[in-house]
Amino acid sequence: MWAAASNATSLKNVVIISIDALHPAALNAGTTPTIYKEMREGAYTLDGYSTNPPKTLISHTAMFTGLGPDKSGKSDNQWQPGEPTVEGPTIFNSAKQKGFQTAFYYSKQKLGYLVNDAVDVHRWSREGTIDLTEEFLKKPGRHFVFLHVSGLDFVGPEHGWLSPEYMEELSYIDEYLTPLIRMVKEQKNYLIIITSDHGGHEKIHGSQHPEDFRLPFVIHSDRLEFESIRNSDYDVTDLKDILNRSLQ
């Protein structure tokens, strides 16, 4: 669907960052200077669309499998350890086939549903996922990591989406991500994706309100170009296809 122009150099680091509950209207040069820089230097769209319903586990399942809830079989937002996990290949299977070490760090336990045999390292941590990702990327070899960052999903329901408190939390997340993104770029041969699972409105999310479905998609690489993504429509099910094309 979206072709990537390449100079044929193998990627060393592929880092996908999902900032839970990030509304695209919150991104700007003042609040999120690091993410905004990736937007300017790479390609992005603010017209991303979540699953129906637009909820965390359902949306992430669509990202990982390339399938909406009607086809993936995951139409609820709950999972507990010991219950069945995702069926079929995910983005991690594609990465393993291309020779990457894989890691999945997530701040909500229910995302453990998405761990399969193609994930080399995984860990649930409420506040330490960014630090864990940095440590993983310091290991020798090629790395593919999916990083889930929480915070906005708690501030939004308490204070409101795009409220001063929401924007303050996002600014903190952007600052916390800065050393990680800098390290990835210094190592060269990278692909960075920054996106979200859903948006929200007022103090509500997961409803049928149009703002709850909205999310951003930012992509930047020093080896690939994604001109066709600029200001295009994006659906969370597109992530797997984009990665498959990029890893070839």
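The values are calculated or read from the model by the stated rules, or taken from the named source; none is laboratory data. Quick caveat, the model's predicted, so the values are computed rather than measured. No Cβ is skipped: glycine too gets one built from the backbone with ideal geometry, and neighbour counts run over all protein chains shown. Just so you know, the surface numbers come from the protein's heavy atoms only, side chains and all, with ligands and any DNA or RNA stripped out. Shrake-Rupley method; radii C 1.70, N 1.55, O 1.52, S 1.80 Å.
Quick look at the values:
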{"read-out": "Among the candidates Ser163, Ser171, Ser221, residue that is under 25 Å from Pro54 (Cα atoms) and either among the basic types (Lys, Arg) or open to solvent by less than 30 Å² (accessible area, probe 1.4 Å) (or both)", "value": "Ser163"}
{"read-out": "Counted residues, region 1-41 - those being at pLDDT 95 or above, under 24 Å from Thr133 (Cβ atoms), out of contact with any Gly (no Cβ under 6 Å at 6 or more places or on another chain) and among the small types (Gly, Ala, Ser)", "value": "2"}
{"read-out": "Exclusive hit being in contact with a helix residue (DSSP H, G or I) (Cβ under 9 Å, 6 or more places away or on another chain), closer than 19 Å to Asp20 by Cβ and crowded, with 20+ Cβ neighbours inside 10 Å, set Leu239, Leu243", "value": "Leu239"}
{"read-out": "Residue that is modelled with pLDDT of 95 or more and crowded, with 24+ Cβ neighbours inside 10 Å, where the choices are Pro89, Pro54, Pro69", "value": "Pro54"}
{"read-out": "In region 29-51, the residues that are open to solvent by 30 Å² or more (accessible area, probe 1.4 Å) and either touching a residue at least 60 places away in the same chain (Cβ under 8 Å) or within 19 Å of the chain's Cα centre (by Cα) (or both)", "value": "Pro33, Tyr36, Lys37, Arg40, Glu41, Tyr44, Leu46, Asp47, Tyr49"}
{"read-out": "Qualifying position, being free of Cβ contacts under 8 Å to residues at least 12 places away in the same chain and open to solvent by 20 Å² or more (accessible area, probe 1.4 Å), among Glu135, Glu83, Glu127, Glu158", "value": "Glu135"}
{"read-out": "Of all residues in region 92-112 being part of a loop (DSSP other than H, G, I, E, B) and of a type outside the set (S, T, N, Q), the one that is surrounded by the fewest Cβ atoms within 10 Å (Cβ to Cβ)", "value": "Gly99"}
{"read-out": "Candidate set from region 191-218 (those that are under 24 Å from Lys37 (Cβ atoms) and polar (S, T, N, Q)); member that is surrounded by the most Cβ atoms within 10 Å (Cβ to Cβ)", "value": "Ser196"}
{"read-out": "Out of Ser171, Ser228, sole residue that is more than 27 Å from Leu67 (Cβ to Cβ) and either of a type outside the set (Asp, Glu) or without any contact (Cβ under 8 Å) to a residue 24 or more places away in the chain (or both)", "value": "Ser171"}
{"read-out": "One residue from Arg142, Arg126 being touching a Ser or Thr at 6+ places or on another chain (Cβ under 7 Å) and among the charged types (D, E, K, R)", "value": "Arg126"}
{"read-out": "Exclusive hit being in contact with a strand residue (DSSP E or B) (Cβ under 6 Å, 6 or more places away or on another chain) and among the aromatic types (Phe, Trp, Tyr), set Tyr113, Tyr49", "value": "Tyr49"}
{"read-out": "Long-range neighbours under 8 Å by Cβ, at least six apart or interchain, first residue within 13 Å of Leu147 (Cα to Cα) and open to solvent by 30 Å² or more (accessible area, probe 1.4 Å) within region 113-124, second basic (Lys, Arg) and in a loop (DSSP other than H, G, I, E, B)", "value": "Trp124/Lys108"}
{"read-out": "Qualifying positions in region 52-66 - of a type outside the set (Ser, Thr, Tyr) and either more than 18 Å from Asp153 (Cα to Cα) or in a helix (DSSP H, G or I) (or both)", "value": "Leu57, Ile58, His60, Ala62, Met63, Phe64, Gly66"}
{"read-out": "Any pair with Cβ under 6 angstrom, 6 or more apart, that starts in region 87-102 at a residue that is in contact (Cβ under 8 Å) with a residue 12 or more places away in the chain and ends at one that is surrounded by fewer than 16 Cβ atoms within 10 Å (Cβ to Cβ) and not in a helix (DSSP H, G or I)", "value": "Gln101/Gly141"}
